[in-house]
1. So is B:T266 at pLDDT 95 or above, among the β-branched types (V, I, T) and within 24 Å of the chain's Cα centre (by Cα) or not?
2. The conditions are (1) in contact with a helix residue (DSSP H, G or I) (Cβ under 8 Å, 6 or more places away or on another chain); (2) away from ligand 3 (no atom under 16 Å from the Cβ), and A:C585 fails exactly one of them. Which is it?
3. Could you check how many residues of segment A:161-208 are without any contact (Cβ under 8 Å) to a residue 24 or more places away in the chain and β-branched (V, I, T)?
4. Tally up the residues in segment B:6-19 that are more than 8 Å from chain A (Cβ to nearest Cβ) and either of a type in the set (V, I, T) or open to solvent by 40 Å² or more (accessible area, probe 1.4 Å) (or both), please.
5. Looking at A:R326, A:R331, A:R337 in this structure, which one is open to solvent by 30 Å² or more (accessible area, probe 1.4 Å), assigned by TED's automatic domain parsing to the domain that holds A:V280, part of a loop (DSSP other than H, G, I, E, B) and away from ligand 3 (no atom under 16 Å from the Cβ)?
6. Quick check on B:A236: is it open to solvent by less than 10 Å² (accessible area, probe 1.4 Å) and of a type in the set (A, V, I, L, M)?
7. Where residues in segment B:138-152 are under 14 Å from B:I118 (Cα atoms) and more than 8 Å from ligand 2 (Cβ to nearest atom), which of them is surrounded by the most Cβ atoms within 10 Å (Cβ to Cβ)?
Amino acid sequence: MQAGELAARSRGRTAPTDISNPSYFHKVVDCQWACPTHTPVPEYIRLIAQGRYAAAYMLNWESNVFPGILGRVCDRPCEPACRRGRVEEKPVAICRLKRVAADYKGEIDAFMPDIPSAKNGKRIALVGAGPASLTVARDLMPLGYSCVLFEKDAKGGGLMRTNIPSFRLPATVLDEEIDRILAFGVEPRFGHEIKSLEALLQEGFDAVFIGTGAPKGKDLNVPGRTQARANVHIGIDWLTSVAFEHVHTIGRRVVIIGGGNTAMDCCRTALRLGGMDVRVTVRSPRRVMKASPWEIEDAEHEGIPIFDNHSPKEFLLDKGRLAGVRFQKMREVGVDRSGRPKLEPTGEEVVFECDDVLMAIGQENSFPWIERNIGIEFDEWHMPKVDNTTMMSTRAGVFFGGDAAWGPENIIWAVAHGHQAALSIDLMCHGKDLANERPKSSSSRFSQKMGIHEWSYKNDYAPLNRVAMPHADKAQSLRNLKVEVELGYDDKLAFKEAERCLNCDVQTVFSAPLCIECDACMDICPVDCINFIDNEDEPALREHLRVPAHNKTQDLYVSTPLKTGRIMAKDEDVCLHCGLCAERCPTGAWDMQKFMYVEAQAAQACLTHHNAYLR
Amino acid sequence: MSYIAKPSAHHPALPKNALGLTHRDYEGTMSTLCAGCGHDSITAALIEACFEMDLPAHRIAKVSGIGCSSKAPTYFLSRSHGFNSVHGRMPSITTGANLANRDLVYIGVSGDGDTASIGLGQFCHAIRRRVNMTYIVMNNGCYGLTKGQFSATNDKTSPSKKGDANPFEAIDLCQMAIQLGAGFVARSFSGDKAQLIPLLKAAISYWGFAFLDVVSPCVTFNNHPTSTKSYDYVRAHNMAVDQLDFIEEKEEITAHYAEGTSVSVTMHDGSRLVLHKLDQQHDPRDADAAIMAIRSNAAKGRVATGLLYVNETQQDMHDILATDARALNSVPMAELCPGVKALEAINARLR
Ligand SMILES: Cc1cc2nc3c(=O)[nH]c(=O)nc-3n(C[C@H](O)[C@H](O)[C@H](O)COP(=O)(O)OP(=O)(O)OC[C@H]3O[C@@H](n4cnc5c(N)ncnc54)[C@H](O)[C@@H]3O)c2cc1C
Ligand SMILES: Cc1ncc(C[n+]2csc(CCOP(=O)(O)OP(=O)(O)O)c2C)c(N)n1
Ligand code: SF4
Ligand code: SF4
Ligand code: SF4
Ligand SMILES: [Mg+2]
């Protein structure tokens, strides 16, 4: 008997991993899993490294519809999820690489899906021309639907156009990607506000999609608000006025109230419209500020100070005009049950003198144009009840998506909702069940082995820091609202950054019957993730690995019993996907297999680049 | 061998030892041995043992002969001293080094060919002289480096991969080592790190000659179904006579060990060995009984593993020769080389 076998006899057992379930390996691709539209990130990064920008763009376009826009301003949930950020300090600059694909793609018209000239006879109304509605149109047009797009503004894009400032997102980029969809034959009705859903429904559309966003900026009722109204602006409305060039200037001293991304856009815009002393004030401590870290960084880089723990108490007036804001200073007294800090006033007050105030404390939905007696149920917060798989409301044929569905989110979620709503609309128009007959995702997996130590991907890990983004000259960009601040990576910087991707879609696949338990893979693994160990229940197993697996968001890959009765247990957490385990295995028990995951969409014509990877 | 190097990136939560080092700091360059070679696994066990014992790499000397096994020191402890000598000459190089500098930890790495054939005489005399070292044989029953010819430790019953019979009986290096007076004799298996690592730690802290015969399958030439040195065969016929807990001096003894079923041995440096007897007849302090245990298991076709024999009070070469307590590099030059006059005085005494 082996001495090792005498080690603590285990009580529980962890079941072997079912790798035939595509979710298992999909989850290992942290970025793709975190992306609401499941963009195949490592695949497009490899294409960028090869200089195949058009192919990289098309993979993105199929998944997320707006690669040029998202490559600049996406909320990038993929980046905090990126495995590289757990191995080193910083994740791969996934978002910026997306922009590289868009900047260098060249001519792509030939790759666009064919739009049938013979329509299928189904007419779909899309309300609001934000990213959610545009996605529904993109997905349905290649199937022969007629899409009528109602938008109260003069141009499409929604908040992407009216609120995201042009120094972050130039109008040319916006126009290109929106026009591409409109060119599919969408019938736009710009400048047409829908005032009654009931009336719209009477026009006999086969389905109605509501993508009207969360258009109402929150206000703050403190003393002096009404008297000071001429110089106290609602942030998102003010940004819209700037975008449509109704507003060109602002006072010298500007106070922004709020700590989210809107506040960051407000302060940076104010700086460009003539603000000399622009300050951001936040009620809560800095560490819980809602704005993305990179947006805060950019604002501070432009010299804008952030005052946290400042709660607005009163607008001060001088001769009937706004003269300043009085703040109550707050301090943290522990945290509440949800982990948010509990605040109490310190008693200390400060006054910031100012000429204008921008209020950026959040957005709300508002549906005054939806009658409450037409079968669309609303909940206690006045939000429509929407099914989170099908996106359908309680009235058959009426769908919601984007910020209109569950409140303010971001562009990529709006796109994800759009895809799901388009799928539902197509199922419905074919008389199918929206839930039970919903198409499933597809996936495939195949070996990357080319020769004895050759793989069809670059597996050599190199420690490289994240490539810094070159910025436009500050003196110039702070004077002109339209100068884009980020210049984008050139091909060389892009290649360098692309090399940081670990290729997490190239999976370590284990075959228990082949393993002779020689330990070679365990010994070579640079990050100690492979273990040959007695089986136990999962908490105990996690604790007893060579390096305990404390990151519970990451799965353990557990094999069936080996010859000695032990199991192989791999902690996926910080695997570098270097393939050394497979190189050192004498029997081929480990293989490196590329896993492709394709989320279902309404039109296969919008997935041809994805499907080309399936086997 | 692999084309890419093992990356320097490591698990962010990797434990550190008392020196603030991780086990990755005890590695060497990337192995060029065949993938799956048992020798690589012993290398990994050595890395782990030195890491756990908080050994400073610069106080260790690795010495080896020729063979795949003798290449292994390149693959661990890249910050230690090393000498890759000629075939079978590791013992005399180590003896000389140890005479010059008694303060280093000596790890001798050899193969069954390197030790049981060309170096057999050297092996015997290093034991006889009680060199304070850990002598490891990575035993695969063949000459791996020269394409798998039978070595002197290959069992008579174990034919070659191509089916040629082995005409000669095997030399059992553990029995020989006990007979020649090695103070610490153990056998283990490259595929059982739970047994091997504590044995390595105990051997390294042992004062005197410590011998470790580690069965280490050659995946390329001697891991076939009829081999007695294959992963499968050794796993099926492995008979551990005891289970060793190595307790370093700094550690507290927390577990309670029952009398009769365990043997406790205090080492020269204050660390302790607690041996849980799996074979009740076996007493590792009795050399005759140890040889009996090896032979009787072998007669039943089993490989006896574990700490087979330990002499609690061995004197090493320096004790026996009553040499200066200092390493030669710390003896002042005037003393080390007292000059012509002193030489003349010695010569005069001999006339
Ligand atoms: C200042 C600011 C900055 C932001 N920055 C980012 C960012 O960097 N990255 C990111 O991912 N997200 C950002 N967002 C959020 C993002 O813009 C939204 O989540 C996203 O645009 C929502 O898309 P949507 O399709 O749901 O609706 P919207 O983009 O809100 O579009 C809704 C459209 O519907 C129209 N509409 C509304 N009611 C009617 C009606 N009754 N009839 C006709 N038309 C109507 C509106 O005019 C609008 O054009 C930001 C938001 C703000 C306010
Ligand atoms: C003096 C001398 N004779 C013969 C050889 C050829 N030779 C090289 S390695 C080797 C055998 C090594 O066998 P072993 O020590 O068991 O090492 P392994 O490769 O099996 O680990 C021989 C005979 C040599 N290098 N030098
Ligand atoms: S690919 Fe294999 S060797 Fe490389 S980090 Fe992952 S498990 Fe370890
Ligand atoms: S290297 Fe291969 S055979 Fe050896 S333990 Fe790992 S998986 Fe098993
Ligand atoms: S030939 Fe045998 S001993 Fe040499 S490296 Fe290959 S497997 Fe190991
Ligand atoms: Mg050999």
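The values are calculated or read from the model by the stated rules, or taken from the named source; none is laboratory data. Keep in mind that this is a model prediction, so the values were computed, not measured. Don't worry about glycine lacking a Cβ; one is built from the backbone with ideal geometry, like all the others, and counts go over all protein chains shown. To get the accessible areas, we keep the full protein, side chains included, count just its heavy atoms, and leave off ligands, DNA and RNA. Shrake-Rupley method; radii C 1.70, N 1.55, O 1.52, S 1.80 Å.
1. No, not satisfied.
2. (2) is the only condition that A:C585 fails.
3. 1
4. From segment B:6-19, those more than 8 Å from chain A (Cβ to nearest Cβ) are B:16-19; that's our starting set.
Within this subset, residues satisfying the condition of being either of a type in the set (V, I, T) or open to solvent by 40 Å² or more (accessible area, probe 1.4 Å) (or both) are B:16, B:18-19.
Matching residues across segment B:6-19 total 3.
5. The match here is A:R337.
6. No: the conditions fail for B:A236.
7. B:F150
This table checks each residue for (1) in contact (Cβ under 8 Å) with a residue 60 or more places away in the chain; (2) more than 16 Å from ligand 2 (Cβ to nearest atom); (3) more than 29 Å from B:M176 (Cα to Cα).
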position: B:T29; (1), (2), (3): no, yes, yes
position: B:P56; (1), (2), (3): no, yes, yes
position: B:S69; (1), (2), (3): yes, no, no
position: B:L77; (1), (2), (3): no, yes, yes
position: B:V86; (1), (2), (3): no, no, no
position: B:N98; (1), (2), (3): yes, yes, no
position: B:G113; (1), (2), (3): no, no, no
position: B:V131; (1), (2), (3): yes, yes, no
